[in-house]
Each structure stands twice: as structure tokens, then as C-alpha cells.
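Visitor: Below is a structure I'd like to ask you about.
The values are calculated or read from the model by the stated rules, or taken from the named source; none is laboratory data. Bear in mind that the values here come from a model prediction, so they are computed numbers and not experimental data. Cβ placement follows ideal geometry from the backbone for every residue including glycine, while neighbour counts extend to all protein chains displayed. What goes into the accessible areas is simple: the full protein's heavy atoms, side chains included, and nothing from ligands, DNA or RNA. Shrake-Rupley method; radii C 1.70, N 1.55, O 1.52, S 1.80 Å.
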Amino acid sequence: MTVVNGLPAHVLFVHFVVVLVPLSALALVVSALWPRAARRLGLILPVLAFVTLVTVPLTSHAGEWLERHVDSDPLVRKHAELGDGLLPWALGLFLLATAVWWTARTPAPQGAAAGPRGGAVVRVAAAALSLVVAVGAVVDVYRIGDSGAKAAWHDAFSKTATGRGD
């Protein structure tokens, strides 16, 4: 899908990525730090992360189409290069969200094979990894969005008022 209602689809799809990546990252970190939240969210956590994962290549594909239909520009190329790096972060969000959901479905019984201390170590490791991936994904989305805004708007507006009345 490259055009929606006469507009380049990338311009529309990017909004899904800008909202869903931080939302998935936040839900993942909260769920990893607070297993009760993961149980309350239930299947919503991995489904949200999966939808986020699907929107990334869709948006990238539409962006590649748009890149071929605009003038060659170093800012556009930089934006496209940065955009190619988001998929691994989105995949990480999905895999961790699925793991956190899976492990939080039922509380571990006391005296389980790993023991209470082993379970705590796994939870701390999952929380730390979730935090790293969530922050990485959000920072990457910010960098991609910033470069896209610069590419789209660098010569498209006047820095002074046009005088047409505000």
C-alpha cells in the first residue's frame, strides 16, 4: 500500500508507528517491572507489540515508495537509513512482550524449581532487558521522526510571517 486517499501512505502510517512504539515500550516496561500489570493486560501486551511490529515494515515500505517519488536529497536519504534500523527494535519489543506475558500468566508457585531467588533474578533480568529495548526503540523513533520532519520541512516554510493575517 503506497497511496491512501490520494496521499502518500507513509505520511499516514508514520502516525501509527509514532504512537504504537512508545505505547508498546511503556506497556512492556510496566509489565516487566510489575507482574500484576502484565496479568491485568493479559494478551493485550503481546498483541499490541505485534501490531507495532507489523506497522514498522508497512511504514518503511511506503516510505521507500515515497523516497522514489521525491527529489533526491541528503536529508531524505538520512531519514530512510535511520528508518531501516527500527525493525530490530520493534522485533525486540514483540519478543520481550510475549515473554513477559507468557511468564506472568500465572504466578510461580512457592518452592518452584528455580526457587524464589531464581525467579527474582529472571524478573530483574527481564525488566532490565525490557527497559533497554524500550528506551532504544523510543529513542530510535524520535531520531527517525526528527530526521523525517527536517527532510519534509527544511525548505517548505518561511521563517517570517507572510503577512496574510493570522
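Visitor: In terms of solvent-accessible area of protein heavy atoms at a 1.4 angstrom probe, what is the ranking of Val3, Val124, highest value first?
Guide: Val124, Val3
Visitor: Students often get this wrong, so try it: which of (1) 14.9, 41; (2) 20.1, 75; (3) 16.2, 49 is Rg and Dmax of the Cα atoms in Å as calculated from the structure shown?
Guide: Label of the calculated value: (2).
Visitor: Let me ask you something else. Tell me the Kirkwood radius of the range 20-71: reciprocal of the mean inverse pair distance over distinct alpha-carbon atoms, in Å.
Guide: That comes to 12.4 Å for the range 20-71.
Visitor: Near Leu45, within a Cβ-to-Cβ distance under 11 Å, what is the net charge of the other residues, with Lys and Arg +1 and Asp and Glu -1?
Guide: Residues near Leu45 contribute +3 overall.
Visitor: Heavy atoms only, probe 1.4 angstrom, no DNA, RNA or ligands counted: give me Phe13, Phe94, Phe50 ranked by accessible area, highest first.
Guide: Phe50, Phe94, Phe13
Visitor: Carbon and sulfur: what percent of the chain's accessible surface (1.4 Å probe)?
Guide: Answer for the chain: carbon and sulfur cover 68 percent of the accessible area.
Visitor: If you count only protein heavy atoms with a 1.4 Å probe, what accessible area per residue comes out for the chain, rounded to a whole Å²?
Guide: Roughly 64 Å² per residue, with all protein chains present.
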